[in-house]
1. With the requirement that a residue be in contact (Cβ under 8 Å) with a residue 24 or more places away in the chain and acidic (Asp, Glu), what does the range 1-17 give you?
2. Is there any pair with a first residue in the range 86-101 that is farther than 10 Å from residue 60 by Cβ and among the β-branched types (Val, Ile, Thr) and a second that is crowded, with 18+ Cβ neighbours inside 10 Å and modelled with pLDDT of 95 or more whose Cβ atoms are under 7 Å apart and which are 6 or more apart or on different chains, and what are they?
3. Can you pull out the residues in the range 18-47 that are free of Cβ contacts under 8 Å to residues at least 60 places away in the same chain, farther than 26 Å from residue 144 by Cα and either of a type outside the set (D, E, K, R) or crowded, with 18+ Cβ neighbours inside 10 Å (or both)?
4. If you take the residues in the range 77-97 that are part of a helix (DSSP H, G or I) and of a type in the set (Gly, Ala, Ser), which one is surrounded by the fewest Cβ atoms within 10 Å (Cβ to Cβ)?
5. Restricting the search to the range 39-71, which residues are under 19 Å from residue 131 (Cβ atoms), within 16 Å of ligand 1 (Cβ to nearest atom), assigned to a loop (DSSP other than H, G, I, E, B) and of a type in the set (A, V, I, L, M, F, W, C)?
Amino acid sequence: MEKTKAFQEITGSDKYQRTKELRQHGNVTVFEHSLAVAETSLKISKKLHIKVNEESMVKVALLHDYFLYDWHDKNHPKMHGFRHATFAADNAMRDFGLTDKEYRAIRSHMFPLNLRIPTSREAFILTLADKYCATSETLKTRRKRRTA
Ligand SMILES: [Fe+2]
Ligand SMILES: [Fe+2]
């Protein structure tokens with residue numbers, strides 16, 4: 001993946017480094033998951049010949065799970081599945097600034113769970129890439145556990 005300006009600004013920031021300490025699926029951190037979603041999003045757009053703004057695509061992918069707490073911790077906010085997309089969008093707006101379209105893409109990434117319909121090409125690809133990565137990360141961890 002090409003290291004765009006947005007990529008460097010986000011991944012190089014102290015705040016974003018925190019995602020390296022937060023687990024997402026199995027042993028995969030939020031940082032690793034987000035990078036995988038960014039890479040997969042670009043691959044999907046190429047495979048399906050869907051033209052996207054690559055800088056913006058990478059930005060929303062890196063920030064789609066920027067909710068900044070450990071959801072495995074019992075004190076995490078309730079209804080994580082339904083609410084974390086909004087937390088992530090709000091944090092991302094505060095720390096990195098987002099266009100309206102980017103904000104909406106992050107907020108709708110849990111479609112259809114939260115019923116916010118993706119309204120741009122980037123948003124649509126983000127939901128696909130996220131589901132693909134989440135599924136393969138969960139399956140990989142299960143397989144590892146079974147063979148351990
Ligand atoms: Fe998410
Ligand atoms: Fe995700």
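The values are calculated or read from the model by the stated rules, or taken from the named source; none is laboratory data. This one's a predicted model, so the numbers in the text were calculated from it and none came from an experiment. Note that each Cβ is placed from the backbone with ideal geometry, even for glycine, and that neighbours are counted across all protein chains shown.
1. Start the filter on the range 1-17 by keeping residues that are in contact (Cβ under 8 Å) with a residue 24 or more places away in the chain, which leaves 1-2, 4-7, 9-11, 13, 15-16.
Passing the criteria: 2, 9.
2. Matching pairs, first to second residue: 86/107.
3. If the condition is that a residue be free of Cβ contacts under 8 Å to residues at least 60 places away in the same chain, farther than 26 Å from residue 144 by Cα and either of a type outside the set (D, E, K, R) or crowded, with 18+ Cβ neighbours inside 10 Å (or both), then 42 is the only one that fits.
4. Filtering the range 77-97 down to residues part of a helix (DSSP H, G or I) leaves 80-96.
Retained after the next criterion (residues that are of a type in the set (Gly, Ala, Ser)): 81, 85, 88-89, 92.
Details: 81: 10, 85: 24, 88: 23, 89: 24, 92: 25.
Among residues in the range 77-97 that are part of a helix (DSSP H, G or I) and of a type in the set (Gly, Ala, Ser), the one surrounded by the fewest Cβ atoms within 10 Å (Cβ to Cβ) is 81.
5. Hits for the range 39-71 are 67, 71.
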